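The values are calculated or read from the model by the stated rules, or taken from the named source; none is laboratory data. Note that the structure is predicted; figures quoted are calculated from it, not measured. Reconstructed Cβ throughout: ideal geometry from the backbone, glycine too, with neighbour counts over all protein chains shown. What goes into the accessible areas is simple: the full protein's heavy atoms, side chains included, and nothing from ligands, DNA or RNA. Shrake-Rupley method; radii C 1.70, N 1.55, O 1.52, S 1.80 Å.
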Amino acid sequence: MKYRRLLAAAGATLLLAMGIPPLGARTLYNLPYGVTPISHAIYGLNMMAFWIMCGIAAIVFGAITWSIIFHRRSRHPKPADFHENTALEVVWTIIPFIILIVMAIPAARVLIRAENVHHSEMTVEVTGYQWLWRYTYPRWNINIYSRLADSSLRIAPLNSGLSPYSTPHYLHAVTHPLVLPVGEKIRLLITSKDVIHSWWVPDLGVQMDANPGLVNSIWVKILKPGIYRGQCNQICGWGHAYMPIVVVAKPKAQFLAWVKQWRQRHPLAGAASPVSNPDP
Amino acid sequence: MSQSIALSHDAHPASRGLMRWIKTTNHKDIGTLYLLFSLIMFFIGGAMAMVIRAELYEPGLQFVNPGFYNQLVTMHGLIMIFGAVMPAFVGLANWMIPLMIGAPDMALPRLNNWSFWILPFAFTLLLLTLFLPGGGPEGGWTLYVPYSMELGYSFPFLIFAIHLMGISSVLGGINIIVTILNMRAPGMTLMKMPLFVWAWLITAYLLVAVMPVLAGGVTMQLFDHFFGTHFFSVAGGGSPLLWENVFWFFGHPEVYIMILPAFGIISEIVPTFSHKPLFGRTTMIYALASIAFLSFIVWGHHMFTSGMPVSADLFFMFSTMLIAVPTGVKIFNWVATMWKGALTFETPMLFAIAFIVLFTIGGFSGVMLSLVPADFQYHNSYFVVAHIHYVLVTGAVFAIMAAVYFWLPKWTGHMYSEFWGKVHFWVSVISVNVLYFPMHFLGLAGMPRRVPDYAVQFTNLNMVSSIGGFVFGAAQLIFVAIIFATIYGGKKAEAHVWEGAHGLEWTVPSPAPYHTFTTPPEVAG
Ligand code: HEM
Ligand SMILES: [Cu+2]
Ligand SMILES: [Cu+2]
């Protein structure tokens with residue numbers, strides 16, 4: 001039973017590590033706290049569910065451990081012969097039911113908020129292709145094709161001989177990021193031109209499938225300027241691992257300056273540039 | 001009729017050598033065939049998993065191209081689910097159900113032969129696709145359209161292989177239902193049936209209900225691909241989401257098809273080694289039935305990010321959470337069975353206890369996944385990979401291993417080596433956690449599933465997981481060695497192998513003779 005004790009020690013350390021309030025930096029052991037109201041709410045749900053599960057684990061695994069230690073034949077040679085207890089069975093049907101309701105209510109609230117795209121201040125269309133993303137800002141006629149950055153593209157192939165450590169953000173860097181203003185409710189209209197993709201940026205608390213021929217909508221309101229990275233999360237072919245998403249969030253004034261600059265540099269911004277497959 | 005009675009008095013198979021196995025209609029032979037087939041498939045699927053873990057050991061591509069990686073992931077899933085886990089349970093059903101209900105054989109022996117012999121063809125067909133130009137299927141075992149229809153030559157082979165597997169499962173399911181309902185020994189009322197038989201009765205209904213749905217769905221894909229229909233393309237008035245709904249309407253009951261027989265096995269083993277009757281037998285049966293019912297109305301929890309309306313999200317969230325209640329009841333009842341028992345820790349019991357603990361961890365992540373907004377973060381990440389492997393490897397597969405150790409003496413007439421059984425157990429249970437526990441963290445940290453390469457911050461946890469994987473894979477060689485050592489030798493087993501066991505299977509000698517219960521036993525009222 002030494003293994004069990006070791007497990008308990010490891011578990012305790014883990015619990016401590018996870019209980020530390022998020023400091024903004026991303027941890028490798030938990031969901032990111034993120035930078036949107038929804039990602040914060042999701043983090044809260046995640047922690048609530050996690051602690052409730054820990055509580056149940058303590059009771060169930062505690063009882064099993066107790067049984068293993070004290071009800072082994074060498075210590076407890078004469079087994080009891082009870083085989084039912086209606087009261088107990090009713091209790092352990094109803095209590096989990098109540099616990100589930102306790103979790104379902106806040107989850108339902110967050111869900112309804114997360115899916116309410118009304119009153120958004122700006123719209124961006126997100127289109128998935130094998131294997132890149134297109135971001136369209138209808139208000140400014142801006143079209144951005146966002147694909148895996150060359151720095152990663154060179155390293156990725158089999159036998160490239162290059163180390164993934166030799167570039168910052170291997171597989172999480174793009175040619176052109178999606179630039180968004182902070183503090184605004186932005187509606188994302190997500191679709192695909194070929195197979196199903198999925199637009200997932202953990203720091204924004206957003207994951208939404210891009211279905212060919214259908215348009216899904218979701219919203220984000222980024223609270224902090226910064227660079228947020230994610231990637232396609234629905235298997236979509238050869239280049240599925242090579243469809244990163246980078247969102248650069250800027251204060252409103254800087255965002256507008258960026259819009260202006262982009263339009264100056266791309267006088268024909270409205271016309272779509274040809275799409276080719278970025279095979280790494 | 002008289003001829004078959006005459007035959008059944010022969011103590012030996014009618015043919016010898018290979019023909020015995022091809023022509024056999026004997027439930028024990030067919031059970032053995034299923035189990036051996038499943039073992040081979042475990043190793044083929046496992047070999048693929050080893051390549052996957054080797055590729056993921058560090059970032060960058062080292063061994064395979066992304067296209068082949070996708071084929072490996074897809075094949076691994078299909079082979080483990082349809083080739084390894086399901087046939088293992090059907091094999092156990094074949095061997096044990098007639099012995100447990102006091103029947104001489106399955107009700108439809110020729111059908112039984114056929115349901116098995118379809119399988120090798122189905123999987124040969126599936127595996128052959130790897131050698132076609134363009135390789136095998138690569139859309140994942142979920143076969144999402146339109147990606148799955150982009151495949152080259154492998155597509156029709158895949159569809160045909162799935163049809164064959166489906167026919168095999170439905171026939172097997174019908175046979176099990178008919179056997180249980182018609183062939184019980186006098187006095188064996190439904191409520192007196194062993195839990196394993198109950199679990200299988202319910203599972204068989206699930207099989208018969210949902211395998212045709214999958215068959216229909218893949219046929220629709222076939223029509224879209226070759227005959228110009230538009231079930232799944234928006235341009236023609238269809239929708240790719242129709243496939244997701246059809247698939248998961250099959251898929252969720254399917255995951256319960258892979259766990260209910262495991263529940264049955266654990267409900268046999270825990271009382272045996274606790275030397276105490278199963279706690280809450282009747283509620284256990286009701287819990288099985290309500291899980292089976294609920295499993296039909298939760299499929300949408302696999303589609304929370306597909307863009308369903310909020311009302312559908314809410315419905316599927318609540319129904320999914322509801323399924324945790326009967327699942328919890330089962331776990332509590334097993335623990336209550338152990339409580340104040342006189343526990344002994346033979347290998348089957350060790351695997352059963354590990355099942356209870358680790359399956360529960362899979363249930364915990366399941367409940368977390370059911371919270372829709374949280375699923376926006378967890379979905380399709382390694383967190384889901386952790387969940388499915390806790391419920392399927394440390395759940396279904398551990399239960400299968402427990403069952404093999406539990407009944408191997410009855411099948412072979414020999415005791416397995418308790419020492420090596422324990423070595424196998426401890427190496428497996430430690431390495432399996434090293435393998436799968438870090439995957440929870442990888443998912444939370446943002447690593448997607450089904451990728452051959454990843455950002456460098458995920459490296460350490462992937463290394464740990466791969467090492468666990470290699471050890472777990474190697475540990476299964478011990479398992480095979482134990483099985484064959486027990487078939488060919490070892491201490492003679494008694495009829496009543498386990499002191500704490502109850503049930504008709506322990507009243508026949510070990511090894512169980514070729515024909516058993518040719519005259520039905522009396523089951524005490
Ligand atoms: C307490 C019971 C359970 C609950 C609440 C639950 C919940 C869930 C949810 C919500 C998902 C979708 C996750 C996602 O894709 O984002 C999921 C996936 C899955 N579950 Fe469970 N689950 C439970 C038990 C089981 C059992 C018993 C099995 C099988 C033995 C199982 C096998 C799977 C599989 C295979 C998937 C992934 C399918 C795929 O996408 O490839 N689950 N589960
Ligand atoms: Cu993708
Ligand atoms: Cu499900």
Exercise for the section: Please state which of the following conditions B:Y405 fails to meet, knowing it meets all the rest: (1) within 14 Å of chain A (Cβ to nearest Cβ); (2) in contact with a Ser or Thr (Cβ under 9 Å, 6 or more places away or on another chain); (3) without any contact (Cβ under 8 Å) to a residue 60 or more places away in the chain. Expected result: (1)
Exercise for the section: Within segment A:113-144, count every residue that is over 30 Å from A:I235 (Cβ atoms) and within 14 Å of another protein chain (Cβ to nearest Cβ). Expected result: 1
Problem - Lone qualifier among B:V367, B:V391, B:V384 - being facing chain A (nearest Cβ under 9 Å), part of a helix (DSSP H, G or I) and open to solvent by 10 Å² or more (accessible area, probe 1.4 Å) - result: B:V367
Practice task
Please verify whether segment B:422-431 includes one or more residues that are open to solvent by less than 10 Å² (accessible area, probe 1.4 Å), outside any loop (DSSP other than H, G, I, E, B), of a type in the set (D, E, K, R) and away from ligand 2 (no atom under 16 Å from the Cβ).
Solution key: no
Fill in the blank from the handout: Flagged in segment B:499-512 as of a type outside the set (V, I, T) and either open to solvent by 50 Å² or more (accessible area, probe 1.4 Å) or under 26 Å from the mean Cα position of the chain (by Cα) (or both), in numbering order, are B:E499, B:A501, B:H502, B:G503, B:L504, B:E505, B:W506, B:P509, B:P511, B:A512
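Can you go through B:G136, B:G152, B:G102 and tell me which one is in contact with a Leu (Cβ under 8 Å, 6 or more places away or on another chain) and without any contact (Cβ under 8 Å) to a residue 60 or more places away in the chain? So that I can check it myself, show each step before the final result.
On the way: B:G136 fails: without any contact (Cβ under 8 Å) to a residue 60 or more places away in the chain; B:G102 fails: without any contact (Cβ under 8 Å) to a residue 60 or more places away in the chain.
Going through B:G136, B:G152, B:G102 in turn, the sole match is B:G152.
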Practice task
Test B:Y256 against the stated conditions and say whether it is open to solvent by 20 Å² or more (accessible area, probe 1.4 Å) and within 22 Å of B:V357 (Cβ to Cβ).
Solution key: yes
Exercise for the section: Say whether the condition of being within 9 Å of chain A (Cβ to nearest Cβ), away from ligand 1 (no atom under 14 Å from the Cβ) and of a type in the set (G, A, S) is met by at least one residue in segment B:273-280. Expected result: yes
Handout entry: Residue in segment A:187-199 that is within 16 Å of ligand 1 (Cβ to nearest atom) and among the aliphatic types (A, V, I, L, M) present
Key = yes
Problem - Qualifying residues in segment B:440-462 (those that are facing another protein chain (nearest Cβ under 7 Å) and of a type in the set (V, I, T)) - the one most open to solvent (accessible area, probe 1.4 Å) - result: B:V456
Exercise for the section: Select, from B:A262, B:A287, the only residue that is surrounded by 19 or more Cβ atoms within 10 Å (Cβ to Cβ), assigned to a helix (DSSP H, G or I) and more than 12 Å from every other protein chain (Cβ to nearest Cβ). Expected result: B:A262
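Here is a list: B:L39, B:L72. Which entry is within 26 Å of the chain's Cα centre (by Cα), without any contact (Cβ under 8 Å) to a residue 40 or more places away in the chain and assigned to a helix (DSSP H, G or I)? Step through it out loud before you land on a result.
Working: B:L39 fails: without any contact (Cβ under 8 Å) to a residue 40 or more places away in the chain.
Testing whether each residue is within 26 Å of the chain's Cα centre (by Cα), without any contact (Cβ under 8 Å) to a residue 40 or more places away in the chain and assigned to a helix (DSSP H, G or I) leaves just B:L72.
Could you check segment A:155-186 and list, in sequence order, the residues that are within 12 Å of another protein chain (Cβ to nearest Cβ) and touching a residue at least 60 places away in the same chain (Cβ under 8 Å)?
A:A156, A:P157, A:H169, A:L171, A:H172, A:A173
Would you check which residues across segment B:471-498 are outside any helix (DSSP H, G or I) and open to solvent by 30 Å² or more (accessible area, probe 1.4 Å) and list them?
Initially, segment B:471-498 is screened for residues outside any helix (DSSP H, G or I), giving B:489-498.
Residues satisfying the conditions are B:G490, B:K491, B:K492, B:E494, B:A495, B:H496.
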Exercise for the section: Of all residues in segment A:28-53, count the ones that are farther than 22 Å from A:G230 by Cα, more than 7 Å from every other protein chain (Cβ to nearest Cβ) and either in contact (Cβ under 8 Å) with a residue 40 or more places away in the chain or open to solvent by less than 30 Å² (accessible area, probe 1.4 Å) (or both). Expected result: 2
Handout entry: Which listed residue is under 22 Å from B:V170 (Cβ atoms) and in a loop (DSSP other than H, G, I, E, B), from B:F304, B:F296
Key = B:F296
Practice task
Determine whether segment B:404-412 contains at least one residue that is within 16 Å of ligand 3 (Cβ to nearest atom) and touching a helix residue (DSSP H, G or I) at 6+ places or on another chain (Cβ under 6 Å).
Solution key: no
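Of all the residues that make up segment B:235-259, how many are assigned to a helix (DSSP H, G or I), more than 13 Å from chain A (Cβ to nearest Cβ) and under 20 Å from the mean Cα position of the chain (by Cα)?
Pass one, segment B:235-259, residues assigned to a helix (DSSP H, G or I): B:235-236, B:240-257.
Keeping just the survivors that are more than 13 Å from chain A (Cβ to nearest Cβ) gives B:246, B:248-257.
The next check asks that each one be under 20 Å from the mean Cα position of the chain (by Cα); those that pass are B:248-257.
Number of matching residues: 10.
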Practice task
Could you list all residues from segment B:296-319 that are within 26 Å of B:L207 (Cα to Cα) and either open to solvent by 20 Å² or more (accessible area, probe 1.4 Å) or more than 10 Å from every other protein chain (Cβ to nearest Cβ) (or both)?
Solution key: B:F296, B:I297, B:V298, B:W299, B:G300, B:H301, B:H302, B:A312, B:F315, B:F316, B:F318, B:S319
Handout entry: Residue list for segment A:63-88, restricted to those being facing another protein chain (nearest Cβ under 7 Å) and either charged (D, E, K, R) or surrounded by fewer than 12 Cβ atoms within 10 Å (Cβ to Cβ) (or both)
Key = A:R72, A:R73, A:P77, A:K78, A:D81, A:E84
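Could you check segment A:201-224 and list, in sequence order, the residues that are in a helix (DSSP H, G or I) and more than 8 Å from chain B (Cβ to nearest Cβ)?
As a first pass, look at segment A:201-224 and keep what is in a helix (DSSP H, G or I): A:202-204.
Selection gives A:D203, A:L204.
When you go through B:F232, B:F273 one by one, which is the residue that is more than 16 Å from ligand 2 (Cβ to nearest atom), in a loop (DSSP other than H, G, I, E, B) and buried (at least 24 other Cβ atoms within 10 Å of the Cβ)? Lay out the reasoning, then the answer.
Working: B:F273 fails: in a loop (DSSP other than H, G, I, E, B).
Just a single option satisfies the conditions, and that option is B:F232.
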Practice task
Scan (1) free of Cβ contacts under 8 Å to residues at least 24 places away in the same chain; (2) buried (at least 20 other Cβ atoms within 10 Å of the Cβ) for the single condition B:I180 breaks and write down its number.
Solution key: (1)
Fill in the blank from the handout: In segment B:224-261, anything more than 16 Å from ligand 3 (Cβ to nearest atom) and aliphatic (A, V, I, L, M) is listed as B:V234, B:A235, B:L241, B:L242
Handout entry: Sole residue being buried (at least 24 other Cβ atoms within 10 Å of the Cβ) and in contact with a helix residue (DSSP H, G or I) (Cβ under 8 Å, 6 or more places away or on another chain), chosen from A:P202, A:P181, A:P164
Key = A:P202
Exercise for the section: Within segment A:89-109, identify whether any single residue is surrounded by fewer than 15 Cβ atoms within 10 Å (Cβ to Cβ) and of a type in the set (K, R), and answer yes or no. Expected result: yes
Exercise for the section: May I ask you to verify whether B:S381 is touching a Gly at 6+ places or on another chain (Cβ under 6 Å) and within 16 Å of ligand 2 (Cβ to nearest atom)? Expected result: yes
Problem - segment B:483-506, residues that are among the small types (G, A, S) and in contact with a strand residue (DSSP E or B) (Cβ under 7 Å, 6 or more places away or on another chain) - result: B:G489, B:G490, B:A493
